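Undergrad: Pasting in a structure now, in structure tokens, and then I'll have a few things to ask.
The values are calculated or read from the model by the stated rules, or taken from the named source; none is laboratory data. What you are looking at is a predicted structure, and each value in this text was computed from that prediction instead of being measured. A quick note on method: Cβ atoms are made from the backbone with ideal geometry, for glycine too, and the neighbour counts reach across all protein chains shown.
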Amino acid sequence: MLSGLAAESHIPVVDPAAADGVFSLAWLVIVLPLAGAAILLLGGRRTDRWGHLLGTATSLGSFAIGLAMFIALLGRDSGDRSVGRELFTWIEAGGFKVGMDLLVDPLSILFVLLITGVGSLIHIYSIGYMEHDGRRRRFFGYLNLFIAAMTMLVLAADYLGIFLGWEGVGLASYLLIGFWQHKPTAAAAAKKAFVINRVGDIGMSLAIMLIFVTFGTTAFAGVSAAASGADEATMNVIGLLLLLGACGKSAQVPLQAWLLDAMEGPTPVSALIHAATMVTAGVYLVTRSNFIFENAPIAQTTVVVVAVVTLLWGAVIGCAKDDIKKVLAGSTMSQIGYMMLGAGLGVAGYAFAIFHLITHGFFKANMFLGAGSVMHAMDDDVDMRHYGALQKAVPVTFLTFAMGYLAIIGFPGFSGFWSKDKIIEVAFTENIFVGLCALVGAGVTAFYMTRLMLMTFFTQKRWEPEVHPHESPKVMTVPLMVLAALSVLGGFLLLSNWIVDWLAPVVGHHAHEEPPLPALAMTAIVVLVVAAGVALAWFTIGRTEVPRTAPTDVNVLTRAARADLYGDAINDGLVVNPGRQLVGGLMTFDAAVIDGAVEGQAAGMGGLAGVFRKVQNGFVRSYALSVLVGALLVILALLAVNLG
Amino acid sequence: MSTEPYIILSALLFTIGCVGVLVRRNAIVVFMCVELMLNASNLALVTFAKANGNLDGQIAAFFVMVVAAAEVVVGLAIIMTIFRTRRSASVDDASLLKY
Amino acid sequence: MTAFWILAPIMVLAALGILFVRKAVHAALLLAVVMISLAVLYAVLDAPFLFAVQIIVYTGAILMLFLFVLMLVGVDASDSVVETIRGQRVLATVFGLLLGLTLVIGISQISFGTVIGLDDANEGGNVPALANLLFSKYVFAFETTSALLITAAIGAMVLAHRERLEPKESQADAAARRMREYAETGRHPGPLPAPGVFARHNAVDTPALLPDGTVAQDSISRVLAARGTVRSAPALADDIEEIKRQLGQAPEKAPEVSGKSGAAASTEEQNTASTTDGEEEE
């Protein structure tokens, strides 16, 4: 369906120029937060007093370097905006050589800015949010570790480097989801995220091995140069394996089950890792591997299928949840589905996928932090049925959250409007069915986000009497305001098609195709669908009394959505239970057959020895007798030889 | 004269010594039987010396005697030590080194 | 060959005797018989030096060492000829016979050729001839035996040496120990009762009798008890009866005898005892 794309578009080859000037400092982007993490985690209690300040400072330092590099890139021609920084030889084994090389190009610098920028804001926010947590210093150490690993992931010029960061963010995610490890649910959620991510990582590592076998190198430069000449079947396999890795990290169906549980972590973590940055690593991987996916049509189609399924799956879950963070998590899944859809659509969609990724990073981080602020006000209650009419109690949070809300539903003029609209437009251009699904997703998004807004900030008061909502301190609201502003203004990136041109050296340039309908008509349709979703929410929730406990007499779809569309049940039925049975069978087999054979042999030998050891009775005269018998035999043998 | 009877006598004495080692329990008597076997072999050596017309056999017998003397000294010392600790000179009593 | 035919049966019988005699001393004596006979045979076989060495070293030194150790070890239950390992005796006999049979048959199958004799070799004397060989051809082996002998001597000393692990018990310590034992176990602190003191016999094989007529076990040597040569109390009672009979007294009247007649009787008893001793000495 999409195979025609590859032929008509030019896929750029990664060919970085040597680093100079500010680019030679690229390694500091990674090393600064890494050093921060090391100091905070190894320094122990000594760093308790100023640990959060150090963590924030390292993150801001990375951001500053990233910004400097961005400005330097802006000053260059679009042709030589790709800069490589070779640090040292990491692995050298025969003909296999992996350098610790960094790649600064238009794609990775955007990610660096997003990660360190949003990351710094969330660091600042966390100073307030985690103020009363005795382990705040450790929290900042983990956050810094995450920033280091994530920047490693996006700056690596080699699949193995990506893998290093990939595992690093997985570790940081595990540590942060389970940060409140005293809660069994948090510990279980961390474990679940870790295990499901391992499934994805297997795909990732197999893909890297296959890349090495096929191309003899794992560096982007080498692979992208040889990619167009490679066997299509091999490329498909590599693409599918990479997709598996992306699914694990980005919570795409079928490896989506961990993301909702990951909300057990502190809210800043949900905002930074499970909304703005880490979960988008899959999108980055697909975009970065464009030279593979453009030569692997089946894999690319699979990306689209996965994206569409996830897009609707997350949206449906978001409609039924009452936990404010889980609604946002479902929404995140859905929005990443949009990004994957963009990335799966090929050259036409990469830029918009990254665009949506960035705007989503702004408004979703904004909303998560806003949700954290609301929880802060409501004594850590996450059930929206216990909220209501909060707009007066927490005005700043409400206003910033509203900016994020308007952005995500795609209210005209806000950042989400520009980015999502573009993806839907491209989807319609490529395939009408995919476009329809994306359109429906936009409507559903409008519905559940409006539901969230109404249940939280409007409708009637449903608080517990002892709860006294209050606005959060400045240190938390200022990042909210910054992110709200970015949510509103993120659309400026599309001004005169800037982001498309900016990314063209990496993802290639696509001749604009005419959509089946005029662009303006498309936009009108999208806005109408969104308005319908909002109206539906208004009439079903805004006009009626919201019960304080969730009603149980609901239809089948709601029940399924409340159970995460039975994602866990499917995992249990398909993988966990058969796995357990297999392990049980293997254990029985091991105990009965293998151990039985080994131990039986040993027991047999033991029994035999028990019989024969009686010969060793300790009586020297018995031994002498056997010596005599032996001598006699020797004599008889000699006689037999000599006389016979 | 024929040397054959001497050799046969030597063989008989040797066999009797053998059986003595096997059936007697007193360590000292066992030792005596070992000496008997050594003496039997000495007899054969001396006989062969006579039969072959050179003195090498007698020298060998002489060395056997020296070694036997050394052996007796050490062996009897061991028996004494065992007797001191175990109050027994029976070879069957020293049978702890077994299965 | 005359000497051989006389000595060979003696040697075989003596050797067989070693297998069957119960006492180790007898075995040693039988071994001496074998060895001296062997010495004679050496002499017959033109080996005068070995004849001397056999008698001096083997019979004189080694065998005497055996006897010393026998004296130190003393009489032991290991002298018993009862077999303790099942089947050992039968198997030993069977395989011993097989070995002897094989050897004898094997030897009888071989032709030894003519005997050259040692007349040439012993020219100028057996001892100088042996010395010539020993200090030329076998000098290295000879020197090695010196190392062996020294090692053996040191080994025997090491084995026989007993480290004193605690200070030597002084006379005061011994007295204190005896009194402590008396307090704890009731063991008499004085010297052991002499054998036969309260009995009619004062020979060492006769245990002393306690006032109640039982035997005092401490009064006899452990070795004698192990040998079973101790005269028992009932036998002594028989002797008393015999004396009484000789005195013509009815046994049942004895308790009614007054102090005076009892004293007379004891005097007579002593007389009889001394008479008996005298007879034994003769």
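Undergrad: Can you give me the number of residues within the range C:127-153 that are of a type in the set (S, T, N, Q), more than 7 Å from chain B (Cβ to nearest Cβ) and in a helix (DSSP H, G or I)?
TA: Of the residues in that region, 4 qualify.
Undergrad: Further, regarding this structure: Which pairs turn up if I take residues in the range C:1-24 that are under 27 Å from residue C:70 (Cα atoms) and look for partners that are outside any helix (DSSP H, G or I) with beta carbon separation below 7 Å, at least 6 apart in sequence or on another chain?
TA: Within 7 Å, the pairs are C:22/C:81; C:24/B:26.
For (1) without any contact (Cβ under 8 Å) to a residue 24 or more places away in the chain; (2) part of a helix (DSSP H, G or I); (3) among the polar types (S, T, N, Q), each residue gets a yes or a no:
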site: A:487; (1), (2), (3): no, yes, yes
site: A:498; (1), (2), (3): yes, yes, no
site: A:505; (1), (2), (3): no, yes, no
site: A:517; (1), (2), (3): no, no, no
site: A:520; (1), (2), (3): yes, yes, no
site: A:537; (1), (2), (3): no, yes, no
site: A:545; (1), (2), (3): no, no, no
site: A:548; (1), (2), (3): no, no, no
site: A:553; (1), (2), (3): yes, no, no
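Undergrad: Checking the conditions here, which among B:63, B:14 is without any contact (Cβ under 8 Å) to a residue 40 or more places away in the chain, more than 14 Å from chain A (Cβ to nearest Cβ) and of a type in the set (Phe, Trp, Tyr)?
TA: B:63
Undergrad: Scan C:177, C:162 and give me the residue that is free of Cβ contacts under 8 Å to residues at least 40 places away in the same chain and touching an Asp or Glu at 6+ places or on another chain (Cβ under 8 Å).
TA: Checking each option against the conditions leaves just C:177.
Undergrad: If you don't mind, there's one more thing I want to ask. Given the options C:72, C:99, C:67, name the one that is more than 8 Å from every other protein chain (Cβ to nearest Cβ) and either at pLDDT below 80 or at negative phi (or both).
TA: So the residue among C:72, C:99, C:67 that is more than 8 Å from every other protein chain (Cβ to nearest Cβ) and either at pLDDT below 80 or at negative phi (or both) is C:67.
Undergrad: Then there's this: Regarding the range A:167-186, can at least one residue be identified that is of a type in the set (Lys, Arg), assigned to a helix (DSSP H, G or I), surrounded by fewer than 19 Cβ atoms within 10 Å (Cβ to Cβ) and on the phi < 0 side of the Ramachandran plot?
TA: Checked against the condition, which is being of a type in the set (Lys, Arg), assigned to a helix (DSSP H, G or I), surrounded by fewer than 19 Cβ atoms within 10 Å (Cβ to Cβ) and on the phi < 0 side of the Ramachandran plot, the range A:167-186 yields no hits at all.
Undergrad: Just the residues that are facing chain B (nearest Cβ under 10 Å) and either touching a Cys at 6+ places or on another chain (Cβ under 6 Å) or small (Gly, Ala, Ser) (or both), please, taken from the range C:1-31.
TA: Matches in the range C:1-31: C:8, C:14, C:15, C:17, C:24, C:27, C:28.
Undergrad: Within the range A:469-481, identify whether any single residue is under 29 Å from residue A:350 (Cβ atoms), assigned to a helix (DSSP H, G or I) and touching a helix residue (DSSP H, G or I) at 6+ places or on another chain (Cβ under 8 Å), and answer yes or no.
TA: No, the conditions are met nowhere in the range A:469-481.
Undergrad: Which residue, of B:46, B:73, is closer than 16 Å to residue C:146 by Cβ, assigned to a helix (DSSP H, G or I), facing chain C (nearest Cβ under 7 Å) and touching a helix residue (DSSP H, G or I) at 6+ places or on another chain (Cβ under 7 Å)?
TA: B:73
Undergrad: Being among the polar types (S, T, N, Q) and crowded, with 21+ Cβ neighbours inside 10 Å is the filter; apply it to the range B:4-58 and report the residue that is nearest to residue C:41 (Cα to Cα).
TA: Only one residue tops the list, namely B:47.
Undergrad: Take the range C:112-157 and flag every residue that is among the small types (Gly, Ala, Ser) and over 39 Å from the mean Cα position of the chain (by Cα).
TA: Matches in the range C:112-157: C:113, C:117, C:121, C:124, C:125, C:129, C:136.
Undergrad: Six or more apart or on different chains, Cβ atoms under 6 Å: show the pairs whose first residue is in the range B:38-50 and of a type in the set (Lys, Arg) and whose second is outside any helix (DSSP H, G or I).
TA: Close Cβ pairs satisfying both conditions: B:50/C:45; B:50/C:46; B:50/C:118.
Undergrad: Also: Is there a residue being away from chain B (no Cβ under 14 Å), modelled with pLDDT under 90 and touching a Phe, Trp or Tyr at 6+ places or on another chain (Cβ under 7 Å) anywhere in the range A:600-621?
TA: Within the range A:600-621 (the criterion being away from chain B (no Cβ under 14 Å), modelled with pLDDT under 90 and touching a Phe, Trp or Tyr at 6+ places or on another chain (Cβ under 7 Å)), the answer is no, since none of the residues qualifies.
Undergrad: Taking the conditions exactly as written (hydroxyl-bearing (Ser, Thr, Tyr), more than 8 Å from chain B (Cβ to nearest Cβ) and either exposed (fewer than 11 other Cβ atoms within 10 Å of the Cβ) or part of a helix (DSSP H, G or I) (or both)), does residue C:114 satisfy them or not?
TA: Here the answer is yes, as residue C:114 does meet what is asked.
Undergrad: Oh, and also: Can you work out which of the residues in the range A:71-99 that are part of a loop (DSSP other than H, G, I, E, B) and in contact with a helix residue (DSSP H, G or I) (Cβ under 8 Å, 6 or more places away or on another chain) is farthest from residue A:155 (Cα to Cα)?
TA: Looking at residues that are part of a loop (DSSP other than H, G, I, E, B) and in contact with a helix residue (DSSP H, G or I) (Cβ under 8 Å, 6 or more places away or on another chain), I get A:81.
Undergrad: For the range A:398-423, give me the residue count where each residue is over 14 Å from residue A:484 (Cβ atoms), of a type in the set (A, V, I, L, M, F, W, C) and surrounded by fewer than 22 Cβ atoms within 10 Å (Cβ to Cβ).
TA: Of the residues in that region, 0 qualify.
Undergrad: Check the range A:117-125 and report whether any residue there is surrounded by 18 or more Cβ atoms within 10 Å (Cβ to Cβ), over 30 Å from residue A:268 (Cα atoms) and over 22 Å from the mean Cα position of the chain (by Cα).
TA: No.
Undergrad: Here's something else I'd like to know. Whether any residue in the range C:45-59 is without any contact (Cβ under 8 Å) to a residue 12 or more places away in the chain, more than 10 Å from every other protein chain (Cβ to nearest Cβ) and among the polar types (S, T, N, Q) is what I want to check.
TA: no
Undergrad: Out of all the residues in the range C:43-55, is one or more outside any helix (DSSP H, G or I) and on the phi < 0 side of the Ramachandran plot?
TA: yes
Undergrad: So, of the residues in the range B:76-99 that are away from chain A (no Cβ under 14 Å) and not in a loop (DSSP other than H, G, I, E, B), which turns out to be surrounded by the fewest Cβ atoms within 10 Å (Cβ to Cβ)?
TA: B:85
Undergrad: Out of (1) more than 25 Å from residue A:627 (Cβ to Cβ); (2) facing chain B (nearest Cβ under 7 Å); (3) at pLDDT below 90, what's the single condition that is false for residue C:123?
TA: (2)
Undergrad: Oh, and also: Report whether or not residue A:196 is of a type in the set (A, V, I, L, M, F, W, C), touching a Phe, Trp or Tyr at 6+ places or on another chain (Cβ under 8 Å) and touching a residue at least 60 places away in the same chain (Cβ under 8 Å).
TA: The answer is yes for residue A:196.
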